[in-house]
Each structure stands twice: as C-alpha cells, then as structure tokens.
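Q: Sharing a structure below in structure tokens format, with a few things to ask.
The values are calculated or read from the model by the stated rules, or taken from the named source; none is laboratory data. As the structure is a computational prediction, the values presented were derived from the model and not from experiment. Virtual Cβ from ideal backbone geometry, glycine too; neighbours counted across all protein chains shown. Areas reflect the complete protein model, heavy atoms only, side chains present, ligands, DNA and RNA absent. Shrake-Rupley method; radii C 1.70, N 1.55, O 1.52, S 1.80 Å.
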Amino acid sequence: MLYIIDTADLEAIKHINEFYPVDGVTTNPSIIAKEKTDCIERLREIRRIIGEDKILCAQTLQTDAGLIVEEGKKLQEAIGGNFYLKVPIGEAGLKATMELKKLGIGVLMTAIFTPTQALMAAKAGADFVAPYVNRIDNVCGDGVGVVAEIVNQFDNYNITSCRVMAASFKNAQQVNDCASVGCHIATIGPDIYKNLISHPLTDVAIEGFNRDWRSVYGDKQILDL
Ligand code: G3P
C-alpha cells in the first residue's frame with residue numbers, strides 16, 4: 001500500500017512526511033482553495049518539502065480536452081518531479097488523458113464513483129484512478145465495495161499500468177477495509193494518520209515497559225550503560 005497525504009497544508013505535510021513512510025501528496029481545487037494562497041507557489045513549496053521523487057498531484061479545472069492538456073503541460077513544467085495531473089472522469093477528461101499520455105504527462109483520473117468509470121480511465125491510459133470511498137458511503141453506497149470491484153476488474157484484465165488510489169476517507173476503518181481488498185494506494189487527510197497507528201493498549205504497553213524498567217534501573221537509560 002502506498003500512502004499519500006491529501007492536503008495542501010504545509011505544516012501537516014512537513015510533519016507527516018517526516019514521521020510516516022508516505023509516498024506523496026494529492027490536492028484538488030477545494031483543498032488548494034482552503035489555503036487561500038498562490039496555487040502554483042504552494043504546489044512548488046510542497047514539491048520542495050517532499051522532494052522530486054514522491055508523487056505530487058494537482059487538479060485541472062478545465063472542461064475542454066485541449067485546455068486540460070495545456071494546463072497539464074503548464075503544471076508539470078511549474079512543479080516538476082514525479083507529477084500527475086488530476087483529471088475528473090468524463091468525455092473531455094478521457095480525450096485529454098489519451099493526449100497527455102502521448103506527451104508523457106502522468107494522469108490521476110479522479111471523481112470516480114463506479115467501476116465502469118475506472119475501467120475506462122485505465123483504458124485511456126490513466127496511471128491512477130481515485131474512487132471516493134466516503135462520498136459513496138455518504139449516499140448509502142458501498143465505497144470499499146466499489147474499490148474492491150475495481151481492484152478485481154484490473155486483476156481480471158491484468159491491468160498493471162493503472163493503480164487504484166482510493167480517496168475521500170473519513171476514518172481509519174475505511175483505510176483498513178481498502179487495504180484488505182487489495183487497494184494499491186490510499187490518499188488520506190492529515191487528521192486520519194494518527195488513527196492509523198494509535199491504540200490505547202499500545203500506550204498501556206509502553207507505560208508498563210517504562211514502569212518496570214524504572215523500578216529496577218531508575219532513570220538510567222541503555223545509552224548510559
Ligand atoms: O480529492 C479527492 C478527495 O480529496 C475527496 O475527499 O473528503 O472531499 O470527500 P473529500
């Protein structure tokens with residue numbers, strides 16, 4: 001499983017990139033708008049924090065295939081490194097994806113709600129598809145079920161050029177369920193990271209180790225021995 005940070009908050013990115021084995025950052029227009037700052041400069045700052053090799057995705061707002069391609073070229077040049085253009089699924093998005101691939105620009109096809117959308121995106125040449133797990137759950141759908149179906153269909157057709165990057169998580173259980181159905185990548189908001197690694201019994205266990213050690217060795221540390 002690759003872990004991606006779904007935010008444009010620099011402090012959150014710095015922290016998670018330092019303490020967790022993450023593989024990149026995704027943004028979308030809502031995430032960028034939340035920061036109320038220069039979009040391109042913010043994406044460059046994110047690139048500086050995570051380095052050239054990690055995935056960085058920025059989304060187009062264009063609805064015309066030619067303009068999507070132009071925006072992809074502009075963003076790739078401005079941001080550099082391991083960059084992918086996020087393109088919402090649709091006719092213009094598919095056409096743009098086929099053209100972007102010819103130009104060697106990576107594509108994350110986003111706003112995926114059904115397996116048929118994902119399969120078409122993969123066929124068009126998208127590198128990643130992003131099904132929105134929680135938004136599907138919100139309308140009484142089965143977000144993880146959709147992810148499982150996409151993973152299964154990609155397996156059926158031996159599709160390895162396109163990976164499933166599940167998005168729109170609201171809790172650690174959704175991430176866990178996606179991992180259990182073989183989802184390749186999860187892009188997760190900063191608030192959820194701590195919940196992926198915390199457990200009250202872990203805290204109790206660590207307190208016990210410290211208490212037992214101190215009862216015999218006091219404040220002496222292994223480094224002091
Ligand atoms: O970019 C996809 C993802 O960020 C959507 O998440 O939380 O707005 O449903 P959310």
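Q: Report ³J(HN,Hα) in whole Hz for each residue of the range 172-180, in order, from the Karplus equation J = 6.51 cos²θ - 1.76 cosθ + 1.60 where θ = phi - 60°; Gly and Pro get x.
A: After applying 6.51 cos²θ - 1.76 cosθ + 1.60, I find 5, 4, 4, 5, 4, 5, 5, 4, 5 Hz.
Q: Further question: Taking 7 Å along the Cα-to-C-beta vector as the label spot, tell me the Ala205-Asp191 distance in nanometres, rounded to one decimal.
A: Rounded to a tenth, the inter-label distance reads 2.8 nm.
Q: Hey, for a label at Tyr157 modelled as a point 7 Å past Cα toward Cβ, could you say which residues of the range 104-125 have their backbone N under 13 Å away?
A: 115-125
Q: Next up: Shape of the range 74-225 from its Cα gyration tensor (a ≥ b ≥ c, root eigenvalues): rounded if a/c is under 1.5, otherwise prolate when a/b > b/c, or oblate?
A: On the way: a/c = 3.19, a/b = 2.08, b/c = 1.53.
Note, shape of the range 74-225 comes out prolate.
Q: State, as an integer percentage, the relative contact order of the chain based on alpha-carbon contacts under 8 Å between residues 6 or more apart.
A: 17 percent
Q: Something else: From the square roots a ≥ b ≥ c of the eigenvalues of the alpha-carbon gyration tensor of the range 29-147, which class results: rounded (a/c under 1.5), prolate (a/b over b/c), or oblate?
A: Details: a/c = 1.83, a/b = 1.30, b/c = 1.41.
Verdict is oblate for the range 29-147.
Q: Oh, and also: Only bridges with both residues in the chain count here: give the DSSP antiparallel percent, nearest 5. Before the final figure, lay out the partial values.
A: Numbers: 0 of 27 bridges.
Counting only bridges with both partners in the chain, antiparallel ones make up about 0 percent.
Q: Return the calculated 222 nm mean residue ellipticity for the chain, to the nearest 500 deg cm²/dmol, obtained by summing -39500 (n - 2.57) across DSSP H runs with n ≥ 4 and dividing by the residue count.
A: Numbers: 11 runs with 121 residues, N = 225.
Calculated at 222 nm, the ellipticity per residue is -16500 deg cm²/dmol.
Q: Note down the magnitude of the dipole of the range 92-192 about its Cα centre, charges +1 on Lys and Arg C-beta and -1 on Asp and Glu C-beta and zero elsewhere, to the nearest 20 debye. Could you put the intermediate results ahead of the total?
A: Working: 7 positive and 8 negative charges, 80 e Å.
The calculated dipole for the range 92-192 is roughly 380 debye.
Q: If the only charges are +1 at each Lys and Arg Cβ and -1 at each Asp and Glu Cβ, what is the size of the charge dipole of the range 2-198 around the Cα centre, to the nearest 20 debye? Walk me through the numbers before you get to the answer.
A: Values: 19 positive and 24 negative charges, 39 e Å.
Charge dipole of the range 2-198: 180 debye, to the nearest 20.
Q: Can you tell me the FRET efficiency between Lys102 and Ala172 if r is taken as the Cβ-Cβ distance and R0 is 25 Å, rounded to the nearest 0.05?
A: After rounding to 0.05, the efficiency reads 0.05.
Q: Name the residue farthest towards the positive end of the dipole of the range 112-225 from the options Ala167, Gly218, Ile112, assuming +1 on Cβ of Lys and Arg, -1 on Cβ of Asp and Glu, about the Cα centre.
A: My answer, from the dipole projection, is Ile112.
Q: Lone cysteines in the chain, defined as no other cysteine's Cβ under 4.7 Å from theirs: which are they?
A: Cys with no partner Cβ under 4.7 Å: Cys39, Cys57, Cys140, Cys162.
Q: A follow-up question, please. Using a Gaussian network for the chain with springs between C-alpha atoms less than 10 Å apart, which of these wobbles most: Cys140, Cys57, Cys178?
A: Cys140
Q: With loop defined by DSSP as not H, G, I, E or B, and exposure as at most 14 other Cβ atoms within 10 Å, which is the longest segment of the chain clear of exposed trypsin sites (Lys or Arg not before Pro)?
A: Details: sites that count: Lys36, Lys220.
In short, 37-219.
Q: How large is ³J(HN,Hα), in whole Hz, for each residue of the range 38-55 in order, when computed from phi with the Karplus curve 6.51 cos²θ - 1.76 cosθ + 1.60 and θ = phi - 60°, using x for Gly and Pro?
A: My calculation for the range 38-55 gives 5, 4, 5, 5, 5, 5, 5, 5, 4, 4, 5, 5, 8, x, 6, 7, 7, 5 Hz in order.
Q: Can you find, among Tyr20, Ile55, Thr37, the residue farthest towards the positive end of the dipole of the range 1-105? Put +1 on the C-beta of Lys and Arg, -1 on that of Asp and Glu.
A: About the Cα centre, the residue reaching furthest to the positive side is Ile55.
Q: Taking the alpha-carbon distance from Lys36 and a cut-off under 30 Å, which lysines remain once sequence neighbours fewer than 8 residues away in the same chain are dropped?
A: Straight-line reach from Lys36, under 30 Å: Lys14, Lys54, Lys73, Lys74, Lys86, Lys170, Lys194.
Q: How much accessible area does Glu207 have with a 1.4 Å probe, in Å² rounded to the nearest 10?
A: Near enough 110 Å² of accessible area.
Q: Which distance in nm do the two modelled labels at Leu61 and Glu41 give, with both placed 7 Å along the Cα-to-Cβ direction?
A: 1.8 nm
Q: Can you work out ³J(HN,Hα) from phi for every residue in the range 160-167, in order, using Karplus 6.51 cos²θ - 1.76 cosθ + 1.60 and θ = phi - 60°, giving whole Hz and x for Gly and Pro?
A: Coupling constants for the range 160-167: 10, 7, 10, 10, 8, 10, 5, 9 Hz.
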